[in-house]
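In what follows, a single structure is set out as structure tokens and then discussed.
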Amino acid sequence: MLRLVTLACLLLSVPVLGVLGSWLVFDTHSLATLQHQWQTVLPEYVWNSALLAASVGIGVAMVGGGAAAAVSLFEFPLRRVFEWALLLPMAMPAYVLAYAYTDFLQFGGALQGGLRAVAGVEGALWPDVRSLPGAVVLFVLCLYPYVYLLTRTALGERAVPLMEAARLLGAGTMRRVREVALPLARPALAAGVALALMETLADYGVGSYFGLATVTTGIYKAWLVMNDRIAAAQLASVLLAGVALLLWLERRAQRRLRFTASRLGAAHSVEARPFVLHGGQAAIAFGLCALPVLLGFALPVAVLLQLAAQDWLATDAAPQWARFAQWGWTSFHLAASAAVLALMLALALSFGRRLNSGPLLRSAATVVSLGYAVPGAVIAVGILLPLAWWQAVAPDVGAAALVTGTVFGLLYAYLVRFSAVALQSVEAGYARVPASVDETARTLGVSPRRVFVELHAPLLRRSALAAALLVFVDVMKELPATLLLRPFDSDTLAVVAYQLARDERLSEAALPSLAIVVVGLIPVLMLSRAIRAKR
């Protein structure tokens, strides 16, 4: 079994190896292509991606960090509601947010139309939302929960008692925040920003819909428009290098975060309470928490509901529901299949490491863990490129037909991308199972299979369910890899929403977008419940 698990993990590394292997095919044509990219589009791709990432990083740090500090350190009206409500925008994919705000803010939208009628003007009241600044705002609204969650955890466990001690020593509010809270939150803040930036660089829906020239959109143009797979792979390697740097920074911040926790955990006191705000300060804290929830979740959901109602009244409901049922079923069975396969792989790998924590299995687990940091565009190119080489070398084998445009190839891409999510949840569950359980079973001569079935499986039930649900929701929202690898006769909710929005049929895109949001609420509500249970 251990050999099969290791082999499966090695197969999951093929897309990354395929992308990096594009630099081995470096002939005269490849050199000319690279020179052409550098002279024309590559600097723009890299600059726009870097500018987008830097702006989003600053934005999520300010919004997520500010909201976390407000609910962790201070007491103000509705603070306990905001503790979980600030997580709601995490259920909103960035491309769905883009569709909602485009309809709401565009020249012919309800807001501009009403304001022009009141003001008596004819021109546009503000620039088109489909721009780089507009994309920055949308990414900040849907990705700040990463920073909020980690920073709130860091501050909630140890900042309040230390802030209270600083107050007793005569330090003012701003000094306590600057010299006590910020140093404690810095590692968590950096880890959350790195996660948000990885999601930003991996996005394709917003960049394509807004017409942005980023590295991710360039990968698709090189592959599908220019029909140059080497150029697409080399652009993918540029994106992969940026994501690898962010992953290194995130892991470094996580190590510092654990060190901080071990040093300051003893300072916790159950008697310490958040500082009570009054008047204008309470209003500022309330607005700081209410605005992200309103703009990142409540308003776009209301816009999508209005669009869905318009489409419902304008068309015959029977064919609409028939199409929606087909798209929903395709998304459901793909997400369910990927969730089951990812869970099986995570359970097998975690159990194998439990039995034998040798270097081979540790390396396999590292390979699986890196998959979530790899953007869907890179995975798709990394799968298609080796298949193109295979087909050129052995055209009679026909192995490419098993992966290209098939459910098997799509599930393989999902496993590469999301097995890390299941592995993280299962390993967290195993961390709560004492090693003495296994030692006692071995002493009694119980077989490993029986240990897993009768001892581990009941204890891992909640972790396994959480792992399956998280993978299920992530697959439902996945867009880039699905666009390139899906079978020709099947579309998912994410693909349909993107295609309808691309064709400016936003009212028809509202229903599948709402379905994706509803499914995305499942892990958010679970996470909120788990956080409240720890209090």
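Every number here is computed from the coordinates shown, using simple stated rules; none is lab data. Remember, predicted model here, so these are calculated numbers, not experimental data. Neighbour counts are summed over all protein chains in view; Cβ atoms, including those assigned to glycine, are modelled from backbone coordinates with ideal geometry.
For the reader, a short list of remarks on this structure follows.
- Listed peptides 413-426, 235-248 by packing density, highest first (mean Cβ within 10 Å): 413-426, 235-248
- Other residues with beta-carbon under 10 Å from the beta-carbon of ALA285 carry, at +1 per Lys or Arg and -1 per Asp or Glu, a net charge of 0.
- Under-5 Å amide H pairs with GLU75, H placed in peptide plane, nonlocal only: PHE275, VAL276, LEU277
- A simple rule links phi to the HN-Hα coupling: the Karplus curve 6.51 cos²θ - 1.76 cosθ + 1.60 with θ = phi - 60°, which for the stretch 326-343 gives 5, 5, x, 5, 4, 5, 5, 6, 5, 5, 5, 5, 5, 5, 5, 5, 5, 5 Hz, with x for Gly and Pro.
- Taking label positions 7 Å along the Cα-Cβ direction at both THR440 and LEU7, the computed distance is 3.7 nm, reported to one decimal.
- Summed residue charge, Cβ within 14 Å of HIS36's Cβ, Lys/Arg positive, Asp/Glu negative: -1
- For the pair TRP126 and LEU291, a Förster radius of 25 Å applied to the C-beta separation gives a FRET efficiency near 0.85, rounded to the nearest 0.05.
- Comparing Cα centroids, the stretch 29-79 and the stretch 477-521 end up 24 angstrom apart.
- Full-extension gain in nm, TRP390 to GLN310, via 0.36 nm per residue minus C-alpha separation: 23.9 nm
- Segment ALA336-PHE408, length gained on full extension (0.36 nm per residue, minus Cα span): 24.6 nm
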